[in-house]
Structure formats: C-alpha cells, structure tokens
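The values are calculated or read from the model by the stated rules, or taken from the named source; none is laboratory data. These numbers were taken from a predicted model, which means no experiment stands behind them. Using ideal geometry, Cβ is built from the backbone for each residue, glycine included, and neighbour counts are taken over all protein chains shown.
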Amino acid sequence: MRLTSLPLRAIKGFSRLLIESHAGDLPAVAAELVRNNAGQTGQLVDDLLHFSRLGRQSLQKQKVDLSDLVRQVLNELQSEQEGREVEILIGELPEVQADAALLSRIGRLTLS
C-alpha cells in the first residue's frame, strides 16, 4: 500500500460508514454518488501518480488514429454515462505519431 493512498482509503472508509449509518436518511442516488466519487478519486490519484512516472519512461511512438482512440475510450467509460443524457459528437480527427497507451490514459482522465 502506498502512503499517498492512505488518506483516500480513510475518506473511502468514512464515506462507507456515513452511508451505512445514515442509510435510511440518504436517497439511494446520494449514497451511490458518494460511493462512486470516493472510488473515482482514488483511481484519479493512482492515474496521476502513474502519469507522473511516465516522464521517466521512453515513449512507444506509433501511428494512432485519434478517432478510433476516442471511441475506444468512450466505450470504456460508457458505464459512467448510465442514467444520464450524454451526447458526444466526434468530428474528424487526424492520425498522429504518438504513444497510444499514454494518449488512452490521458483520454480516460480527461473524459471521466
């Protein structure tokens, strides 16, 4: 366990206790919102830590179709759109020379 994740684990634990102790007072939507945001915050910090380490690694450049990459990221994030009206239009995007894994991670961070 990383030391940086300890405060987030405490927040996640506290939010779980809050939901359990006030389950009758909280609407189900509010409880789900607290639960999801606590988990997403932890994932965001982990992703940012991973991203900060990427500067020390060499890029794996290859031809990347940005339209395909954006569609793929949106498909991965589709569960976050459930219950909401979300319309995302993807225009023409170029092919670029880039690190596909890095762009995908940045896309998930940006769009989630």
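Structure summary
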item: Unmet requirement for Leu33, which otherwise passes all of (1) outside the structural domain of Ile11 (by TED's automatic domain parsing); (2) without any contact (Cβ under 8 Å) to a residue 24 or more places away in the chain; result: (1)
item: Condition broken by Val45, with the remaining ones in (1) in a helix (DSSP H, G or I); (2) at pLDDT 85 or above; (3) β-branched (Val, Ile, Thr) satisfied; result: (2)
item: The one condition in (1) loosely packed, with under 13 Cβ neighbours inside 10 Å; (2) touching a residue at least 24 places away in the same chain (Cβ under 8 Å) that Ser104 fails to fulfil; result: (1)
item: Selection count, segment 21-36, where residues are surrounded by fewer than 10 Cβ atoms within 10 Å (Cβ to Cβ) and either part of a helix (DSSP H, G or I) or of a type in the set (Lys, Arg) (or both); result: 2
item: Residue in segment 76-83 that is over 17 Å from Asp46 (Cβ atoms) and among the aliphatic types (A, V, I, L, M) present; result: no
item: Whichever residue in segment 60-98 is modelled with pLDDT of 90 or more, outside any helix (DSSP H, G or I) and acidic (Asp, Glu) and, among such residues, is surrounded by the fewest Cβ atoms within 10 Å (Cβ to Cβ); result: Glu92
